[in-house]
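Novice: After the structure tokens below, expect a handful of questions from me.
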């Protein structure tokens, strides 16, 4: 058993012990002083193991990326090669998967032919090895973990939820359970011959389970048909993949209903008391008070504010940017530097502007993103087709063959949730900027 698998197994055993302690509370019992101390010790051990696992996985990825294929002797080629045609340097993050896609398209979906093209075409040794060893299945070709991890990391600037600081954690066998404390014990001061009041800690779990997400990315055959290594084309293909996956993630991590196979987004994780309807007026005083009340919901719940930030539609932030005080000065000049009331703000079109009866309402989110977690399976599967059809943003069916495009389907598995639901406040029925 590898070191990573061994440590994952140890962590799973510790999590089981933590869950057993939490079940005592859930069943109406109370934890003893020794059990409370054990809970704290287990939590520390789990955090330490998680850090060790992350370092070990990084070491494995580096080793895999720097490995060199040694299959020539099996083919009877025992003499030194006359010319080295593959690069030993690791391919840049996010680019390796794009090169795999291009090679698979040029090889007509034949994986072995694609591997040979990588070997003779000047591609990195890691790309050649990946195509030589990965297994194709009904769901497509599995992308090696060191490649898929770099793709997931490249989503950070494309997905506002990731960019704002949501923490990514690996799913263990498709599941992740994180214990959390709902209520702490209280300390009281005593007089002479008075009894110590007893208060109990309350526990709960954040449970994440793998949910399948599929992104369809249409790419022009003119780009994919170019043979050989071309950094600009690789970057364009990589960007197309990252943008499509990032937009899909934001759509569900922000407003996913959590029903069926969908992850639950920020909108539906928020407590009812943290969902605030828009104020009646739109003067600067009213708007400023409203934004402050959204922040107050988190402050009143003792939420750490260091990781907080705003998410809103471009229409909303541009309207706020245009507000002026009585002297004609900008009410929120810090918006020009990406801040609002002291916290970073991110724009995304995945926050709709056509909500409500009138079809002109939007939403604002103020969230402690350091308390939000993305549990993800680091395995990606890609499938390629030049004959399939897809639906565009307007719902129209488009033929990839007719458009001279190649469709790339990327399947990933992940889930999303906050450790504490008090870390989210949502402003609804926002009509600011409607008609701009």
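Novice: Please enumerate the residues belonging to the range 25-34 that are in contact with a strand residue (DSSP E or B) (Cβ under 9 Å, 6 or more places away or on another chain) and outside any loop (DSSP other than H, G, I, E, B). Steps first, please.
Specialist: Going through the range 25-34, the residues in contact with a strand residue (DSSP E or B) (Cβ under 9 Å, 6 or more places away or on another chain) turn out to be 25-26, 31.
The answer is 25, 26.
Novice: Another question about this same structure. Being in contact with a helix residue (DSSP H, G or I) (Cβ under 7 Å, 6 or more places away or on another chain) and either at positive phi or assigned to a strand (DSSP E or B) (or both) is the filter here, so list the residues in the range 252-281 that pass it.
Specialist: 257, 258, 276
Novice: Look through the range 193-222, keep the residues that are modelled with pLDDT of 70 or more and over 28 Å from the mean Cα position of the chain (by Cα), and return whichever of them is surrounded by the most Cβ atoms within 10 Å (Cβ to Cβ).
Specialist: Our first condition is that a residue be modelled with pLDDT of 70 or more; within the range 193-222, this holds for 205-222.
This time we only want the ones that are over 28 Å from the mean Cα position of the chain (by Cα), so: 221-222.
Numbers: 221: 14, 222: 10.
Filtering first and then ranking leaves 221.
Novice: Check residue 376 against each of (1) closer than 30 Å to residue 176 by Cβ; (2) assigned to a loop (DSSP other than H, G, I, E, B) and name the one condition it does not meet.
Specialist: Tallying (1) closer than 30 Å to residue 176 by Cβ; (2) assigned to a loop (DSSP other than H, G, I, E, B), residue 376 fails exactly one: (2).
Novice: Out of 435, 427, I need the residue that is outside any strand (DSSP E or B) and over 30 Å from residue 97 (Cβ atoms). Which one?
Specialist: Numbers: 427 fails: outside any strand (DSSP E or B).
Among 435, 427, only 435 is outside any strand (DSSP E or B) and over 30 Å from residue 97 (Cβ atoms).
Novice: Here's another thing I want to ask about it. Would you say residue 284 is in contact (Cβ under 8 Å) with a residue 12 or more places away in the chain, on the phi < 0 side of the Ramachandran plot and within 28 Å of the chain's Cα centre (by Cα)?
Specialist: Values: in contact (Cβ under 8 Å) with a residue 12 or more places away in the chain: yes; on the phi < 0 side of the Ramachandran plot: yes; within 28 Å of the chain's Cα centre (by Cα): no.
In short, no.
Novice: Return a yes/no flag: does the range 388-402 have any residue that is in the same structural domain as residue 247 (by TED's automatic domain parsing), buried (at least 21 other Cβ atoms within 10 Å of the Cβ) and either in contact with a strand residue (DSSP E or B) (Cβ under 7 Å, 6 or more places away or on another chain) or not in a strand (DSSP E or B) (or both).
Specialist: No: the range 388-402 contains no residue that is in the same structural domain as residue 247 (by TED's automatic domain parsing), buried (at least 21 other Cβ atoms within 10 Å of the Cβ) and either in contact with a strand residue (DSSP E or B) (Cβ under 7 Å, 6 or more places away or on another chain) or not in a strand (DSSP E or B) (or both).
Novice: Got a number for residues in the range 300-341 being loosely packed, with under 12 Cβ neighbours inside 10 Å and under 26 Å from the mean Cα position of the chain (by Cα)?
Specialist: The total comes to 3.
Novice: Among the residues of the range 341-354, is any closer than 24 Å to residue 165 by Cα, touching a helix residue (DSSP H, G or I) at 6+ places or on another chain (Cβ under 7 Å) and free of Cβ contacts under 8 Å to residues at least 24 places away in the same chain?
Specialist: No, there is no match, as no residue in the range 341-354 is closer than 24 Å to residue 165 by Cα, touching a helix residue (DSSP H, G or I) at 6+ places or on another chain (Cβ under 7 Å) and free of Cβ contacts under 8 Å to residues at least 24 places away in the same chain.
Novice: Restricting attention to the range 47-62, which residues are in contact with a helix residue (DSSP H, G or I) (Cβ under 7 Å, 6 or more places away or on another chain) and more than 16 Å from residue 178 (Cβ to Cβ)?
Specialist: Scanning the range 47-62 gives 52, 56, 57, 60, 61.
The values are calculated or read from the model by the stated rules, or taken from the named source; none is laboratory data. Being a predicted model, the structure only gives us computed values, none of them experimental. Ideal geometry is used to build each Cβ from the backbone, glycine not excepted, and the neighbour counts take in all protein chains shown.
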